[in-house]
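Every number here is computed from the coordinates shown, using simple stated rules; none is lab data. Note that this is a predicted model, so its numbers are computed, not measured. Note: ideal-geometry Cβ built from the backbone for every residue, glycine included; neighbour counts use all protein chains shown.
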Amino acid sequence: MLTQAKEKLHTHFGYTQFRTGQQDIMDYLFKGESTLGIMPTGGGKSVCYQIPSLLLDGVTIVISPLISLMKDQVDELSGLGISATFINSSLPYDEVQTRIAGIRQGDYQLVYVAPERLESPGFAAVFEQLPIALIAVDEAHCLSQWGHDFRPSYLRIPELINRLFQRPPILALTATATPEVAQDITTILGIPSSNRVQTGFERDNLSFHVLKGVDNDRYIKDYLVRNPSASGIIYAATRKEVERIYARLLKQDIRVGRYHGGMNADQRRDFQEQFVYDQLQVMVATNAFGMGINKSNVRFIIHAQMPRNIESYYQEAGRSGRDGEPSECMLLFDAQDIRIQQFLIDQSDMDDTRKKQEFKKLQSMINYCHTEGCLQEYILQYFGEKQTTPCGKCSECADDRSIADVTKDAQMVLSCIHRMGERFGKTMVAQVLVGSKNRKMSEMNFDTLSTYGLMKGKGQKDVIQFIDYLVASQILRLDGGGYPVLKLTERCLPILKGESKVFRKEARAPKEMSQEDPLF
Ligand code: ADP
Ligand code: ZN
């Protein structure tokens, strides 16, 4: 069967070699076994069900939340000589009926279905008596409550599977799955947990950068001056901020579009099309933009504000460089943005367990901004990859400051947190350490602690940054949501005893700071 699959890859798609993972996935499917495929965006997931649909008996059902993409995909497949159709809410009733009749007659090899369809009781019946070749579940992380894009209608998929008179192999596909999410997917869809094909998450043409303390407007302006023809997306956390950046860029004569949930569907579609067809250089958007956008030459992604978790960040950043050419992903970090994300979680209608989980994920995002290790490695390890090497080109790898032993400073911070009973946040701890004259110090009797004023002479801001670093290095842990409290971890005792050392890059000299702006 694999030889035939390779033939189809050549005749229908014009490619000569399978990419990493594609063959392993099809191996399982041709044996009749279900499998979970985790491949990065642009890795070539679609071929993994499109080719089997040509070789296996019956129709292949593809469940996908990307309604706006279905038509394009189906048109593209028809162009490649593959008969396909789609069914979603954009179609009038009569058209749906015609297509269903076509499915029953065996007119199609592939049928794309929006998950919402599965909620209507009659719909699954269409497939009940038909031979089904394969069920492909695209964006399978939508099945998991731990995922960043949970969709309840996805939970209807097992019902559909159970109604079929013969269980076909299931192929779950996603680009972002932490180990917990992967576990959820396999359990819910009944995929043997060993049937997992995971190709590296690494996108080695992307370089990641975290920039702190830059003036966002100035940075964006300068970046566009330096890269006048590069196409890119600027992500902001709120609609208001999107509008603000958009208006500024318009004034600077940038060919810019905007996209957020507050605009009507026509406006959004117009901007999106103009961007995809290179009539616009830059799109300013909230996270509403991008799911399923097929544009391969995006050269940069600037996050004007920190997103809510690493999953979202990697997915958004990963929209650059799908053509394999070098692309840049910049995150402009400002501690204020943490508040926005905390607020958004707090205000949401999630239950408390879920909120706690979201706060934990947000903390991993914050840690990314404070880490002094390779950014690419940080992301890969977050997704559970064990063997990683520094990328050599992210802003941390490129930062060649020398490394200093900061064990003594760390000991001061740790013992101060201990003396304060692990009940306070970083600002309060920093105030005690620098010996602040703040009224609270005497009110709470902090000024009688042996650690009070231990780091006198250092700035409170520097001490807070150092604490952030200790959290990012997972020496300390932050507990709780809106006002997180510093807790010691098991790594603290060896440090306090002097058995384990802490290292950090030397502080940046003030002069070096201004060099961060490449125009000067
Ligand atoms: P994903 O769904 O994983 O984001 P796609 O399925 O859209 O990725 O594939 C990304 C691109 O890679 C497409 O243009 C596709 O035609 C191409 N592609 C897929 N498989 C191969 C292959 N074996 N060799 C070369 N290009 C491929
Ligand atoms: Zn790196």
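If I ask for residues that are under 19 Å from Leu66 (Cβ atoms) and touching a residue at least 60 places away in the same chain (Cβ under 8 Å), which ones from the range 85-140 would you list?
Leu110, Leu134, Ile135, Ala136, Val137, Asp138, Glu139, Ala140, listed by residue number.
If you go through the range 116-134, how many residues are assigned to a loop (DSSP other than H, G, I, E, B) and of a type in the set (Lys, Arg)?
Our first condition is that a residue be assigned to a loop (DSSP other than H, G, I, E, B); within the range 116-134, this holds for 120-124, 129-131.
Retained after the next criterion (residues that are of a type in the set (Lys, Arg)): none.
Going through the range 116-134 one residue at a time, the tally reaches 0.
Within the group Asp462, Asp468, which residue is acidic (Asp, Glu), touching a residue at least 12 places away in the same chain (Cβ under 8 Å) and either surrounded by 17 or more Cβ atoms within 10 Å (Cβ to Cβ) or part of a loop (DSSP other than H, G, I, E, B) (or both)? Please lay out each step first, then the result.
Details: Asp462 fails: either surrounded by 17 or more Cβ atoms within 10 Å (Cβ to Cβ) or part of a loop (DSSP other than H, G, I, E, B) (or both).
Exactly one of Asp462, Asp468 is acidic (Asp, Glu), touching a residue at least 12 places away in the same chain (Cβ under 8 Å) and either surrounded by 17 or more Cβ atoms within 10 Å (Cβ to Cβ) or part of a loop (DSSP other than H, G, I, E, B) (or both), namely Asp468.
Within the range 317-328, can you find the residues that are at negative phi, surrounded by 14 or more Cβ atoms within 10 Å (Cβ to Cβ) and within 16 Å of ligand 1 (Cβ to nearest atom)?
Of the residues in the range 317-328, the ones at negative phi are 317-320, 322-323, 325-328.
Next, from what is left, pick out any that are surrounded by 14 or more Cβ atoms within 10 Å (Cβ to Cβ): 317-320, 322, 327-328.
Residues satisfying the conditions are Ala317, Gly318, Arg319, Ser320, Arg322, Ser327.
Filter the range 195-234 down to the residues that are under 23 Å from the mean Cα position of the chain (by Cα), away from ligand 2 (no atom under 16 Å from the Cβ) and among the β-branched types (Val, Ile, Thr) and list them by number.
Across the range 195-234, the qualifying residues are Val197, Thr199, Ile220, Ile233, Ile234.
Just the residues that are within 12 Å of ligand 2 (Cβ to nearest atom) and either touching a Phe, Trp or Tyr at 6+ places or on another chain (Cβ under 6 Å) or within 24 Å of Asp479 (Cα to Cα) (or both), please, taken from the range 382-407.
Correct list: Cys394 only.
When Glu180 is evaluated against the numbered criteria (1) part of a helix (DSSP H, G or I); (2) within 16 Å of ligand 1 (Cβ to nearest atom); (3) not β-branched (Val, Ile, Thr), which criterion, by number, is the only one it fails?
(2)
Is there a residue being within 16 Å of ligand 2 (Cβ to nearest atom), under 23 Å from Ala288 (Cα atoms) and either out of contact with any helix residue (DSSP H, G or I) (no Cβ under 6 Å at 6 or more places or on another chain) or without any contact (Cβ under 8 Å) to a residue 24 or more places away in the chain (or both) anywhere in the range 343-360?
In the first step, residues of the range 343-360 are kept if they are within 16 Å of ligand 2 (Cβ to nearest atom); the result is none.
No, because not a single residue in the range 343-360 is within 16 Å of ligand 2 (Cβ to nearest atom), under 23 Å from Ala288 (Cα atoms) and either out of contact with any helix residue (DSSP H, G or I) (no Cβ under 6 Å at 6 or more places or on another chain) or without any contact (Cβ under 8 Å) to a residue 24 or more places away in the chain (or both).
State the number of residues belonging to the range 329-371 that are among the acidic types (Asp, Glu) and surrounded by fewer than 15 Cβ atoms within 10 Å (Cβ to Cβ). Spell out the reasoning first.
Looking only at the range 329-371, we keep the residues that are among the acidic types (Asp, Glu), and these are 334, 337, 346, 349, 351-352, 358.
Add one more test, that the residue is surrounded by fewer than 15 Cβ atoms within 10 Å (Cβ to Cβ), and what stays is 346, 349, 351-352.
Looking only at that region, the number is 4.
What tally of residues in the range 126-163 results from selecting those that are in contact with a strand residue (DSSP E or B) (Cβ under 8 Å, 6 or more places away or on another chain) and not aromatic (Phe, Trp, Tyr)? It would help to see each step written out before you state the result.
So in the range 126-163, the residues in contact with a strand residue (DSSP E or B) (Cβ under 8 Å, 6 or more places away or on another chain) come out as 127, 130-141, 143, 154, 157, 160-161.
Next, only the ones that are not aromatic (Phe, Trp, Tyr) stay: 130-141, 143, 157, 160-161.
Number satisfying all stated conditions: 16.
How do the pairs read when you match residues in the range 442-455 that are under 17 Å from Glu422 (Cα atoms) with residues anywhere that are of a type in the set (Lys, Arg), using Cβ under 6 Å and keeping only pairs 6 or more apart or on different chains?
Partner pairs satisfying both residue conditions: Leu449/Arg419; Thr451/Arg419.
Could you list, in sequence order, all residues of the range 16-49 that are in contact (Cβ under 8 Å) with a residue 24 or more places away in the chain and of a type in the set (Ser, Thr, Tyr)?
Within the range 16-49, Thr20, Tyr28, Ser34, Thr35, Thr41, Ser46, Tyr49 meet the criteria.
If you go through the range 348-406, how many residues are part of a loop (DSSP other than H, G, I, E, B) and of a type in the set (Ser, Thr, Tyr)?
At the first step, the residues of the range 348-406 found to be part of a loop (DSSP other than H, G, I, E, B) are 348-351, 371-374, 383-402, 406.
Among the residues that remain, those that are also of a type in the set (Ser, Thr, Tyr) are: 348, 371, 388-389, 395, 402.
Number of matching residues: 6.
Filtering the range 183-208 down to residues that are assigned to a loop (DSSP other than H, G, I, E, B) and without any contact (Cβ under 8 Å) to a residue 60 or more places away in the chain, which residue is farthest from Ala140 (Cα to Cα)?
In the first step, residues of the range 183-208 are kept if they are assigned to a loop (DSSP other than H, G, I, E, B); the result is 190-195, 199-205.
Going one step further and asking which of them are without any contact (Cβ under 8 Å) to a residue 60 or more places away in the chain, we end up with 193-194.
Details: Ser193: 15, Ser194: 17 Å.
Checked the range 183-208; the qualifying residue farthest from Ala140 (Cα to Cα) is Ser194.
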